[in-house]
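Every read-out reported here was derived from the displayed coordinates using simple, explicitly stated rules and does not represent laboratory data. Keep in mind that what you see is a predicted model, and the values were worked out from it rather than measured. Virtual Cβ from ideal backbone geometry, glycine too; neighbours counted across all protein chains shown.
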Amino acid sequence: MFNVHRSSRRSAVPKMLLIASALILQPLATSASAQAIRSLAGFRSNTLQANDDGSAAAFPIFEVNFFGIKFSSVYVNNNGNVTFGAPLATFTPFGLTTAIGRPIIAPWFADVDTRGTTGLGSGSGGGNAGNLAQLYAGSGLVTYGLDTFSGHSAFGVNWFSECGFWTGAGAGPTCTGNTGVGYFADHVDKLNAFQLILIERSDVAAGDFDFEMNYACKENWETGDASGGTGGLGGSSVRIGYSNGTGVAGTNYEKPGSGVNGAFLGTRTDGCRDTYSVRGGVVTPPSVVSPEPASLALIATGLVLIGIVRRRRA
C-alpha cells in the first residue's frame, strides 16, 4: 500500500523512538553547563560577613513543604548548607542518611572559611563587611536573598562573589569569573564557587518547590584543616545532598561520591547543575525526576507518533 523500501520502514520506528526518548528525557534535571550558576541581583541583596562557622539569622521565604513539615524561613550557614528550624555551625561534614536532628539541604557541606584575604590596602581586611575589596584578593563572601526566576519566586544563596561587585574607592581591581570561597583556616590558595536556589512551585500545589545545586564546573578543595585535610584535600571530605533529619528511609539523599576523597574535585563530568523536585513534601533526586504535566503531554505526543508508525507498518 505504501511505496516504502523495507529498510526505510525498518528504520522509521527507531527514529520515532529517538524522538520519543528525547521528549521523555527532557524533564530529567541534571545538566552540564559552564553557565550553571545563575546571576540574579536578589541573591546578592544580603551578605554574611566574613567568618568561619557562622550563620545568618532566620530569613523569611515563601512556604515550602519539606517532608510534611511546612517552613517559611531558612538559615544560611557558612559551611555550604542551609537548614530549617535552627542554624548549623558544624564544620566537619557528617553523613546525611542518619538521624542528624534537623532538616538540611547541602550543595557543598564542608569547612568553608571566608576570612582569608591577602589585603588590598586600607579597609580591605577580612572582617570588614563594608568594603569588599577582599573579594578580589582572597575569599568571596556568602550572599543570599529573594528574586524571581522563570516567573516563580526564588530564594538563592551564593557561596562566591561576582566580579564587578566593588564598594571601594575608584574603579577597583579587575578580575574574571566569580571569586569563590576559601577553606579553614583562612586559606585562599584554592577556591570553590557554588550556589543553592529554592524555587516556589505553588502553581503545582501549595508548598511544592524545586531546588537547584549549581556549580562553577570546577571545584578545587574538599576539606578544611580541622577535618583531617591538608591543603584542602583528604580527610573527612565534602557531602552533597539533603535530609529531613530523621534518618528514615526515603527522607534523605547523598549524591554518589559524598565523603569520598577527590570525588567532586577538578572539572566536573557529572553535570554542573542538579535540580531536585519537591512535590507533596517528597523530594525526588535528579536522576529520576518525575515529569511535570507539560512534560507528560510531550511524552504522550511521542507515544502517539510511535502508534502512528506502527499502524503504518501494519
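Among 225-235, 70-80, how do they line up by average Cβ neighbours within 10 Å per residue, starting with the highest?
The peptides rank, most packed first, as 70-80, 225-235.
Return a whole-number percent for the relative contact order of the stretch 193-263, with Cα pairs under 8 Å and 6 or more residues apart as the contact set.
20 percent.
Applying a 10 Å radius around every beta-carbon, put 39-48, 206-215 in order of their mean neighbour count, most first.
206-215, 39-48
What is the distance in Å between the Cα centroid of the stretch 234-270 and that of the stretch 188-219?
15 Å
Give a residue-ordered list of calculated ³J(HN,Hα) values for the stretch 47-55 (Karplus: 6.51 cos²θ - 1.76 cosθ + 1.60, θ = phi - 60°; whole Hz; x for Gly, Pro).
These are the phi-based 3J(HN,Hα) values: 10, 8, 3, 3, 7, 9, 10, x, 9 Hz.
Please work out how much length the chain gains when fully extended from T148 to A205, using 0.36 nm per residue of separation minus the C-alpha to C-alpha distance, in nm with one decimal.
18.7 nm
Please list 103-113, 275-285 highest first by mean number of surrounding beta-carbon atoms within 10 Å per residue.
The packing order, highest mean first, is 103-113, 275-285.
Cβ under 13 Å from L40's Cβ, L40 left aside: what net charge do those residues give with Lys, Arg +1 and Asp, Glu -1?
Residues near L40 contribute -1 overall.
Which distance in nm do the two modelled labels at A263 and T98 give, with both placed 7 Å along the Cα-to-Cβ direction?
Distance between the two pseudo-spin positions: 1.6 nm.
For every other residue with a beta carbon closer than 13 angstrom to the beta carbon of W159, add +1 if it is Lys or Arg and -1 if Asp or Glu, then tell me the sum.
So the environment of W159 carries a net charge of -3.
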